[in-house]
Every structure is written in structure tokens, then in C-alpha cells.
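J.: Below you'll find the structure I mean.
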Amino acid sequence: MAQWFLAAATVLVVIGGALGLHAVRAGTRHPWTLLCMVLAFACQLGMLGIRGELRGKCPLGDYGEILAFLAWSLVLFYLVVGPTYRISLLGLFTAPVVVVFQAIALVPGMMESEPVKVEKVDPWGEAHAAFSVLSYGAFALGAVAALMFLVLNKKLKNQQLSSSLFRNLPPVRSLLHSVVRLTMLGAGILTVGIATAFLMEQEKLSVTHLVAAVVTWLAYLTLISVHLYRGITPRRLASSVIVLFVLSLLVFASV
């Protein structure tokens, strides 16, 4: 049943992305884009709820659940941040990332068919896992906004000012602010995740996961500090946010 909810969410995101693409080409906004993302979010909640009941804890026990949780957090931040910007276009850039995460999660074997239900749950351990993965949702949307910035920057340099994509992109300054704020938000949430790790039962603490989280946190903190106190070109900032997210995701998957 959980996989069906996730499959439905994936189809809805594909439809929402397609509607967003059509709206961009027509130079308009499509009201169904946001509705599709809201319905997908509801399906994601249903899937995570079922898996949570099966496990008796936060559903982050295998790679499939982690990817599904990450996709859910990305849609969550999109729904929170999206109304501030151009809904159709942000959804257009967000949808492929969500679809990829969920498509991989749906691959047979990525999710345990019969997960073992936990009898005793460490609340601090659950908080550590949830906040850590949730922070990646903010980092992912920050990377999406950074990609939008690079696309806009390239079109400005090539003087492609009449394209429908250019007309629907938010202002450069607005995109740059969103990249910084989402990155700072992700770093703040990850700070909570790291802090709760030290309150966990020590025998359940994974040193490798904690080290990976701290390294990711330091990398983003360094980038933010350089931007705020020393200065960095917008293009390099956007590129760094994308590269950091991809690298941190690879590190996270490897541990």
C-alpha cells in the first residue's frame, strides 16, 4: 500500500511539472500546478504514515524510506517557499528532482517489504534522523533555486530576453536571496539534528552518520560565512550550493 501512495505522488508530481512547463511556454501560470503538488504531498504523508506504523518509528530505516522522506521534505519546503516566487517555474525545476528521488525509492529492493517493528524508540535518535534528513530538503530546494539563477544568468548573458522562460523567472536578486535563505535554513535545521545526536543513547549513535552530518554542516557554514563576511560572486555562490548538495548527498548515501 505504501508503494502505491508513493507511485501516486510520483505521477502527480510529473503532471504538476508538465503543467508548469506548459504554463511557462504559454507565458502564464497554471493553477493546477500547485494543486498537483499539494495532492502529491498528501500522498507522501500517507506513504510515510504507513511505513512509520510498520516500523513503529520515523520511517528512515532503509534507502527507499530515506529518499521518500527527502522528497517529502523537498515538496514541503517548495509549498512553503513557492508562493513567495513564481509557483509554476519553481515547481517546474523542483518536480524532476522529486521524481528522481521517488522513482529510485520505488525500485524493488530499495524498501524492505517486511520491516521489523521497533518496540522501544529513542526520541532523541528519531529527532536526530528526522531533522538531519529534513535539512536536506532545504538544501535541495536551495540547489534548485541556484540552478534557476544560473539559467537566468546565462540567458541574460546571451541576451535571450524574449524567451518565455526568461519572462517567467523571478528577479535575479530575489533568486539569490532565496538561495542564501534556504541554505541558511538547512544549516539551522541540521544544527538541531546534530545537537540531538549527542542526547541519543550512546549505543545507538552511529559515528559515521554523525561525522557525515558534521562535515556537511561545516561545509555549508563555511560557504555561508564566506558569502556574508568576505563576499563571493553570485555565480560562484550558486554553483557552490549545487556542488555541495550533490557531494553531501553522495556522502550521506555512502554511509
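J.: Condition check: part of a loop (DSSP other than H, G, I, E, B), farther than 19 Å from LEU141 by Cβ, in contact with a Lys or Arg (Cβ under 7 Å, 6 or more places away or on another chain) and modelled with pLDDT under 90. Does GLY61 satisfy that? Explain how you work it out, then say what you get.
T.: Working: part of a loop (DSSP other than H, G, I, E, B): yes; farther than 19 Å from LEU141 by Cβ: yes; in contact with a Lys or Arg (Cβ under 7 Å, 6 or more places away or on another chain): yes; modelled with pLDDT under 90: yes.
So GLY61 fits the description; yes.
J.: Which of the residues spanning segment 49-65 are under 14 Å from LEU6 (Cβ atoms), open to solvent by less than 30 Å² (accessible area, probe 1.4 Å) and touching a residue at least 60 places away in the same chain (Cβ under 8 Å)? Write out each step before concluding.
T.: Step one: list which residues in segment 49-65 are under 14 Å from LEU6 (Cβ atoms), which gives 49-52, 54, 59, 62-65.
Pick out the ones that are also open to solvent by less than 30 Å² (accessible area, probe 1.4 Å) and you get 51-52, 59, 62, 64-65.
Passing the criteria: only ARG51.
J.: In addition: Hey, among PHE101, PHE69, which residue is surrounded by 17 or more Cβ atoms within 10 Å (Cβ to Cβ), under 15 Å from the mean Cα position of the chain (by Cα), at pLDDT 75 or above and within 17 Å of LEU39 (Cα to Cα)? Step through it out loud before you land on a result.
T.: Working: PHE101 fails: within 17 Å of LEU39 (Cα to Cα).
None of the other options fit; the residue is PHE69.
J.: Ok, one more. Is it the case that some residue within segment 82-98 is modelled with pLDDT of 85 or more, surrounded by fewer than 21 Cβ atoms within 10 Å (Cβ to Cβ) and of a type outside the set (Val, Ile, Thr)?
T.: Within segment 82-98, one or more residues are modelled with pLDDT of 85 or more, surrounded by fewer than 21 Cβ atoms within 10 Å (Cβ to Cβ) and of a type outside the set (Val, Ile, Thr).
J.: Another question about this same structure. Step by step: first the residues of segment 173-198, then only those that are aliphatic (A, V, I, L, M) and modelled with pLDDT under 85, then the one that is most open to solvent (accessible area, probe 1.4 Å). Which residue is that? Steps first, please.
T.: Going residue by residue through segment 173-198, those that are aliphatic (A, V, I, L, M) are 175-176, 179-180, 182, 184-185, 187, 189-190, 192, 194-195, 197.
Of the ones still in play, those that are also modelled with pLDDT under 85 are 175-176.
Working: LEU175: 4, LEU176: 33 Å².
Only one residue tops the list, namely LEU176.
J.: One residue is enough: does segment 117-124 have a residue meeting the conditions under 26 Å from VAL251 (Cα atoms) and buried (at least 19 other Cβ atoms within 10 Å of the Cβ)?
T.: No; the residues of segment 117-124 include none that is under 26 Å from VAL251 (Cα atoms) and buried (at least 19 other Cβ atoms within 10 Å of the Cβ).
J.: Please enumerate the residues belonging to segment 206-243 that are assigned to a helix (DSSP H, G or I), under 22 Å from TYR63 (Cα atoms) and either open to solvent by less than 40 Å² (accessible area, probe 1.4 Å) or of a type in the set (Gly, Ala, Ser) (or both).
T.: Listed by number, the residues that qualify are LEU210, ALA212, ALA213, THR216.
J.: Then there's this: What residue, among those in segment 23-50 that are modelled with pLDDT under 90 and not hydrophobic (A, V, I, L, M, F, W, C), is farthest from GLU114 (Cα to Cα)?
T.: Per the stated criteria, the residue is GLY27.
The values are calculated or read from the model by the stated rules, or taken from the named source; none is laboratory data. Because the structure is a prediction, the values reported are computed rather than measured. Note: ideal-geometry Cβ built from the backbone for every residue, glycine included; neighbour counts use all protein chains shown. These area figures cover heavy atoms from the full protein model, side chains too; ligands, DNA and RNA do not enter into them. Shrake-Rupley method; radii C 1.70, N 1.55, O 1.52, S 1.80 Å.
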